[in-house]
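Okay, so here's the structure we're looking at.
Just so it is clear, none of the values below were taken in a lab; they were calculated from the coordinates. Predicted model only: the values in this text are computed from it and were never measured. Quick reminder, even Gly has a Cβ in these numbers, built from the backbone with ideal geometry, and neighbours come from all protein chains shown.
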Amino acid sequence: MSAAELLEDLEYRGLVYQVTDREGLLELMDGNRISLYCGFDPTADSLHIGSLLPILCLRRFQQAGHIPIVLVGGATGLIGDPSGRSTERSLNSADTVAEWTESLRRQLSRFVNFEAANNPAQIVNNYDWISKLDVISFLRDVGKNFTVNYMLAKDSVDSRLSGGISFTEFSYMILQAYDFYKLHQEQGCTLQIGGSDQWGNITAGLELIGKSGGSKAFGMTLPLVVKSDGKKFGKSESGAIWLDRNKTSAYQFYQFWINTDDADVVKFLKYFTFLTREEIAALEREVAERPEKRAAQRALARAVTEIVHGAEAVESAEKITAALFSGDVRELSEDELVEALEGVPSTDLEGSAEISLTDLVISCGAASSRRQAKQDIESGAVYVNGERLTAIDTAVTPEHRLHGKYIVLRRGKKNYYLIKFT
C-alpha cells in the first residue's frame, strides 16, 4: 500500500483527527519505510478497548510496510499523565507498576507482528532510559528546552490549573517529549500517534527534537471514541471492557460489540475492523434496509473478537449466544456454561439427593414464596436446562445436573439462575 493510499484509508475511516504536517508526512512515507510509535502507560494490569484504536492503527501502518514501535511506559506510569483528567492520579508502587508493565508487554505483543520478515514490530519500555536520568541532567539537558509559558498553554495543563496540578504531573509532558526524542535519536522514529488528548504531549516531543537538532518528525492524533447517545465508550453495566479475557470474558466482549447501536455501528466498523470499503458499504446498506437483522453488529462483533481473542473465541461466543437465545444450554461445555452465566444470580447447594422443582425455584431466588413458585411453574414460566417443566412435584435429580454439578433455571424469557451442587 502506497503512502497516499494508507493516509487516504485512515482518513476514510475517520482515524486522522490532527496531523502536524500532512503533506510533509506523505512525502516522507512516499517510497520510504518509517518507524512510528505509540505509548501505553501501565495504569492497570490490562488495557481496555479505549486503547484498541491506536493499537490497530499501529497494525495498519505495519501492514502498509512501516515499523511500529510499542512503548510501555514503565517510567511515565510511575508519574501519571494529566491529559483528559480533572484530578490527580493516585501514585502506584514501583513493584505494582513493574508488574503491570510486564502484563501490558505480553498483551500488546498479540496485536502487531514481531516476526515480520521486513518490518518486525518492536516493543520498548521507557523505564530503560528515563530511570538513568539524574535530576541535574534532566533539568539542564531536557527541561531547559521548555518555557513554563509554553507548558501552561497546553490543554492538558491549562484545564487543571483551577483545581491544581502537582509538579509531578506537570513534568509528564517533558518526559513523554523525551521518549519521542530518544526513539527519534536511537531508532530513527519519525512519527508519534496517540489519542486526541495527547496532542500537547506529542507536539512537545516535536519541540524537543527540533531544538536538539533532530531531523523532521511528525505527530498524528486519533479521535477519542464517542457514542452517538453521549454515553462513554468502553463501558458496560458490569464496568470497563478489558482486553484481558480474565477480566472481561470473550463472550461478554462479543456481546458488547453485538449490542452496538445502529447509529454507531458503521463508524465502529471503520474504526475497529479491517473490512474493505465495499464490505462496510454493504453492511451500511443492511443497517438502512434491514436493521432488525443486525448483520453489521454481528460482523463487528466477529471481527473485533477475533482480533482480540482469536477465531475459537468467536465460535464459542456465538455458540453461547445461540444457546441463551434458544434457552437450551445443554450443549455448552463447562467453561462455556460458566462464561455464559457469569453475572447471573448464583446459588450453591449441598447434597447429592434430588430436590423438588418448587424448592429449587425458591432456593435460587427465582420466586419469593412457595405460592409464587407454584404459580410460575404451572403457568409454564420455569425451565430447567432449557426444558419447560410444569408440574410442581417434579423431582430435579442428579441426572439433570450439567457436567455433574450445574442446573440452569430460567424464569420467563430472560431471567437466568445458576445452581451449583457441591
Given the candidates 222, 404, 126, the one whose Cα lies deepest towards the positive end of the charge dipole of the chain, counting +1 at each Lys or Arg C-beta and -1 at each Asp or Glu C-beta, is 222
So residue 334 and residue 11, fully extended at 0.36 nm per residue minus their Cα-Cα distance, gain in nm 111.8 nm
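What is the extension gain from residue 91 to residue 352, computed as 0.36 nm multiplied by their sequence separation minus the C-alpha to C-alpha distance, in nm to one decimal? All intermediate terms of the calculation are to be shown ahead of the outcome.
Values: separation 261, 0.36 × 261 = 93.96 nm, distance 5.04 nm.
Additional length available on full extension: 88.9 nm.
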Magnitude of the Cβ-charge dipole (Lys and Arg +1, Asp and Glu -1) of the chain about the Cα centre, nearest 20 debye, reported as 560 debye
Segment 23-99 and segment 314-382 have their Cα centres apart by a whole-number Å value of 43 Å
To the nearest 10 degrees, the tilt of helix 52-63 (Cα long axis) against the first principal axis of the alpha carbons of the chain is 60 degrees
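Stokes-Einstein at 4 °C, 1.567 mPa s, Kirkwood radius from Cα pairs: D for the chain in µm² s⁻¹? Mind dumping the intermediate values first?
Numbers: Rh = 24.5 Å.
Stokes-Einstein gives a translational diffusion coefficient of 53 µm²/s.
Provide 319, 232 in ascending order of the number of other Cβ atoms located within 10 Å of each residue's Cβ, fewest first.
On the way: 319 16, 232 10.
So the residues, fewest neighbours to most, are 232, 319.
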With residue 74 itself left out, Lys, Arg at +1 and Asp, Glu at -1 over residues whose Cβ is under 13 Å from its Cβ give -4
Helix 172-187 sits off the longest principal axis of the Cα atoms of the chain, rounded to the nearest 10 on a 0 to 90 degree scale, by 70 degrees
Residues other than residue 419 with Cβ under 10 Å of its Cβ, Lys/Arg counted +1 and Asp/Glu -1, net out at +2
Under the 7 Å Cα-to-Cβ spin-label approximation, residue 290 and residue 278 lie apart by a distance in nanometres of 1.9 nm
Quick calc, segment 3-222, dipole around Cα centre from Cβ unit charges on Lys, Arg (+) and Asp, Glu (-), nearest 20 debye, gives 140 debye
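Treating only the Cβ of Lys, Arg, Asp and Glu as charged (+1, +1, -1, -1), what charge dipole size does segment 346-421 show about its Cα centre? Round to the nearest 20 debye. Can you show the working numbers first?
Details: 11 positive and 9 negative charges, 78 e Å.
With only Lys, Arg, Asp and Glu charged at Cβ, the dipole is about 380 debye.
Scaled to the compact-protein estimate 2.2 N^0.38 Å, what is the alpha-carbon radius of gyration of segment 348-422, rounded to two decimal places?
On the way: Rg = 11.0 Å, N = 75, 2.2 N^0.38 = 11.3 Å.
Cα Rg divided by the expected 2.2 N^0.38 Å: 0.97.
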Counting sequence-distant residues (5 or more places) and residues on other chains, those with an amide H built under 5 Å from that of residue 349 are 420, 421, 422
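Given a Förster radius of 45 Å and the C-beta distance between residue 391 and residue 233 as r, what FRET efficiency does 1/(1 + (r/R0)^6) yield to the nearest 0.05?
Values: r = 48 Å, r/R0 = 1.07.
For residue 391 and residue 233, the calculated efficiency is 0.40.
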If each K or R counts +1 and each D or E counts -1, the residues other than residue 134 whose Cβ falls under 14 Å of its Cβ total +1
Taking r as the C-beta separation of residue 240 and residue 106 and R0 as 22 Å, the FRET efficiency to the nearest 0.05 is 0.70
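With an 8 Å cut-off on Cα pairs and a minimum separation of 6 or more residues, tell me the relative contact order of the chain in percent. Display every interim value, and only then the final one.
On the way: 630 pairs, mean separation 57.3, N = 422.
That works out to 14 percent.
Calculate for the chain the 222 nm mean residue ellipticity that helices alone would give, adding -39,500 (n - 2.57) per DSSP H run of length 4 or more and normalising by residue count, nearest 500 deg cm²/dmol.
Numbers: 18 runs with 178 residues, N = 422.
So the calculated ellipticity at 222 nm is -12500 deg cm²/dmol.
Looking at the chain, identify the longest residue range that excludes and avoids all GluC sites (Glu not before Pro) in DSSP loops having at most 10 other Cβ atoms within 10 Å.
Values: sites that count: 115, 237, 350.
That would be 116-236.
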